[in-house]
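Rule-based calculations on the coordinates, nothing more; no lab input. Not measured: the values here are computed from a predicted model. All Cβ positions, glycine included, derive from the backbone under ideal geometry; neighbour counts span all protein chains shown.
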Amino acid sequence: MAALEFSEFIKRHGLQLLAVANTDVFPGAVVDKARRGYLPQGHLREVLGGHPAEFWRTEMSGANLVYGTTERTLSLAGQSSLSEMGVNVQGGLESARSATFSITGVFSRTFTNGEGHASMLALIPLIHDLRKTDRTRWKLVNGKWIVTETYYATDATLAFETSRGGNVKADVARAGGVQVSGGGSVTWKTKNSFTITKNDQVPFAFRGWKV
């Protein structure tokens, strides 16, 4: 089975890309459009208030969205480091021309299902009530996106195309190594590729609606 292009995967599932990969975005987050994606502005619990922690509880989906592999290739021309999809290569990429994420596991985080928990249907009337009851809080969310689901590349391989004789593993080790935000694991498979597993804290995309 041929790998699915990342752009087609995003389009097929109706996802929005995040500009920065960090742990600040999860269901209930408020995000706003930026040059390369969306940036976090805060969380709805700061705006709505009055709800117990249980109302905002989230859970990981048990279903993998990827059937086979989806690939995302990034040019590294003129770059010595890389920070994408929760993976931070701190340096040593001078010999690399490009990097390709081959993603085999994508899982989502959603609000916990059931009565007494947040959902899009529960949140929409609460947010629109702010137009009448608290214009200051309404302005904090008006025109911004509300996140209902976040998506994580939990299992992937990152391979580098290099100049002849390139050894990214050795170069990166000298420059500071690789970090996966949120505690994911990295295992080098060859001198120019490594695998990422358990990357379930830093999302690369979300679903939601615009207020």
Output wanted: per-residue J couplings in Hz (rounded whole) for region 116-125, from phi through Karplus 6.51 cos²θ - 1.76 cosθ + 1.60, θ = phi - 60°, x for Gly and Pro.
x, 10, 5, 7, 4, 5, 6, 7, 4, x
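Classify region 1-73 as rounded, prolate or oblate from the Cα gyration tensor: take a ≥ b ≥ c as the square roots of its eigenvalues, call it rounded if a/c is under 1.5, otherwise prolate when a/b beats b/c and oblate if not.
On the way: a/c = 3.46, a/b = 1.70, b/c = 2.03.
Oblate shape, in that a/c is at least 1.5 and b/c is the bigger or equal ratio.
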Prolate/oblate/rounded call for region 50-96, Cα gyration tensor, a/c under 1.5 rounded
oblate
Grab the DSSP H runs of the chain that are 4 residues or longer, score each as -39,500 (n - 2.57), total them, divide by all residues and round the 222 nm result to the nearest 500 deg cm²/dmol.
-5500 deg cm²/dmol
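As an exercise, identify the trypsin sites (Lys or Arg not before Pro) in region 133-203 lying in DSSP coil whose Cβ has no more than 12 other Cβ atoms within 10 Å. Intermediate results must be reported in sequence, preceding the final value.
Values: sites: Arg135, Arg137, Lys139, Lys144, Arg164, Lys169, Arg174, Lys189, Lys191, Lys198; in loops: Lys144, Arg164, Lys191, Lys198.
Passing both the DSSP loop test and the Cβ count: Arg164.
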Close Lys-Lys pairs in the chain, where close means Cα under 24 Å and separation is 8 or more or interchain:
14
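Are there any chymotrypsin sites (Phe, Trp or Tyr not before Pro) in region 54-143 that are in a DSSP loop and have at most 13 other Cβ atoms within 10 Å? List them by number.
Tyr67
For region 1-70, which trypsin sites (Lys or Arg not before Pro) are in a loop by DSSP, counting at most 10 other Cβ atoms within 10 Å? Don't jump to the answer; show the numbers that get you there.
Values: sites: Lys11, Arg12, Lys33, Arg35, Arg36, Arg45, Arg57; in loops: Arg35, Arg36, Arg57.
Loop-located and lightly packed - Arg35, Arg36.
Throw me the Rg/Rh for region 4-210, computed over C-alpha atoms with Kirkwood Rh, two decimals. Provide the component values of the computation, followed by the final result.
Values: Rg = 19.1 Å, Rh = 18.3 Å.
That ratio equals 1.04.
Which FRET efficiency, nearest 0.05, do Arg174 and Arg97 yield, Cβ-Cβ r, R0 22 Å? Walk me through the numbers before you get to the answer.
On the way: r = 19 Å, r/R0 = 0.88.
Here the calculated transfer efficiency is 0.70.
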Here the net charge surrounding Arg109, from other residues whose Cβ is less than 10 Å away from its Cβ (Lys, Arg +1; Asp, Glu -1), is -3
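Under 1.5 on a/c is rounded, so check that first for region 107-211, then, if it is not, pick prolate when a/b is larger than b/c and oblate when it is not; a ≥ b ≥ c are the square roots of the alpha carbon gyration tensor eigenvalues.
Details: a/c = 4.13, a/b = 2.75, b/c = 1.50.
Judged from the Cα gyration tensor, region 107-211 comes out prolate (a/c at least 1.5, a/b above b/c).
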Note, region 170-186: 3J(HN,Hα) by Karplus (6.51, -1.76, 1.60, θ = phi - 60°), whole Hz, Gly/Pro = x, goes 5, 5, 5, 4, 5, 8, x, x, 10, 10, 10, 4, x, x, x, 10, 10
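Using 0.36 nm per residue, how much length does the chain from Thr136 to Ser185 gain when fully extended, once their Cα-Cα distance is taken away?
Values: separation 49, 0.36 × 49 = 17.64 nm, distance 4.29 nm.
Stretched fully, the Thr136-Ser185 segment lengthens by 13.4 nm.
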Show me, bin by bin at 10 Å from 0, the whole-percent P(r) of region 25-118 based on Cα pairs.
13, 28, 32, 20, 7, 1
So for the pair Ser61, Arg12, with labels modelled 7 Å out along Cα→Cβ, what separation do we get in nm?
1.3 nm
Among DSSP beta bridges lying fully in region 4-210, give the percent that are antiparallel, nearest 5.
95 percent
